[in-house]
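The structure appears right after this line, and notes come after that.
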């Protein structure tokens, strides 16, 4: 959970009420990731969806992760779902596990944040890491090489109570738009990486059979 969104190298800002929000977000994400991910076949792309299902406002990440799975994204690349959320208590361990599972993974992080009243419903895509926990005064590790945040409610006062009283409808709509945009924007990157991994496994099997 962040505070007031992210201003770091912002790629785009769009509102979920905009009919073109998904298309704008997908285009921006594809552009952002392409600037950094020069060899997608050899660098696996991973989605890190941060939050908890115990708080409506903070469930944007897990809802997005669950939706990514339903869109057919490889489950090994989705960290943080309603069934297995990634949150403050297990964030450090999850990061370590990702690093142990994938070599030099490119991480796209997703998290909810709080902001001004007139910006509630805004989704931002940015380069650089996400700083989770700032909205509720927690110091957590930076996550991601690019990130997406969604402003789910107003920040500045009684943040935990605000998160508990955030409308689920808003968060679900936001998660749907983010997940669909992420799936569309990164499909080619993920497929290239998976094809490379498969080729490596086949080559290793042939080498073992020769021995």
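The table for this structure:
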| read-out | value |
| --- | --- |
| The range 148-165, residues that are under 14 Å from residue 51 (Cα atoms) and at pLDDT 90 or above | 148, 149, 150, 151, 152 |
| Condition broken by residue 81, with the remaining ones in (1) more than 15 Å from residue 146 (Cβ to Cβ); (2) part of a helix (DSSP H, G or I) satisfied | (2) |
| The range 151-165, residues that are exposed (fewer than 13 other Cβ atoms within 10 Å of the Cβ) and either without any contact (Cβ under 8 Å) to a residue 12 or more places away in the chain or assigned to a helix (DSSP H, G or I) (or both) | 157, 158, 161 |
| Number of positions in the range 95-146 that are without any contact (Cβ under 8 Å) to a residue 12 or more places away in the chain and within 26 Å of residue 21 (Cα to Cα) | 1 |
| Given (1) touching a strand residue (DSSP E or B) at 6+ places or on another chain (Cβ under 8 Å); (2) over 23 Å from residue 160 (Cβ atoms), index of the condition residue 76 fails | (1) |
| Condition check for residue 189: more than 24 Å from residue 22 (Cβ to Cβ) and not in a loop (DSSP other than H, G, I, E, B) | no |
| Test: residue in the range 127-140 that is modelled with pLDDT under 95, assigned to a strand (DSSP E or B) and touching a helix residue (DSSP H, G or I) at 6+ places or on another chain (Cβ under 9 Å) | yes |
| Qualifying residues in the range 166-186 (those that are closer than 20 Å to residue 118 by Cβ and in a helix (DSSP H, G or I)) - the one farthest from the chain's Cα centre (by Cα) | 169 |
| Residue within the range 52-63 that is modelled with pLDDT under 95, closer than 15 Å to residue 129 by Cα and touching a helix residue (DSSP H, G or I) at 6+ places or on another chain (Cβ under 6 Å) present | no |
| Within the range 16-52, tally of residues that are under 21 Å from residue 77 (Cα atoms), assigned to a helix (DSSP H, G or I) and without any contact (Cβ under 8 Å) to a residue 24 or more places away in the chain | 2 |
| Positions within the range 77-125 being surrounded by 19 or more Cβ atoms within 10 Å (Cβ to Cβ), modelled with pLDDT of 95 or more and more than 14 Å from residue 48 (Cβ to Cβ), in sequence order | 120, 121, 122, 123, 124, 125 |
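The values are calculated or read from the model by the stated rules, or taken from the named source; none is laboratory data. Just so you know, these numbers come straight off a predicted model, no measurement behind them. Because the Cβ atoms are built from the backbone with ideal geometry, glycine has one as well, and the counts that use them run over all protein chains shown.
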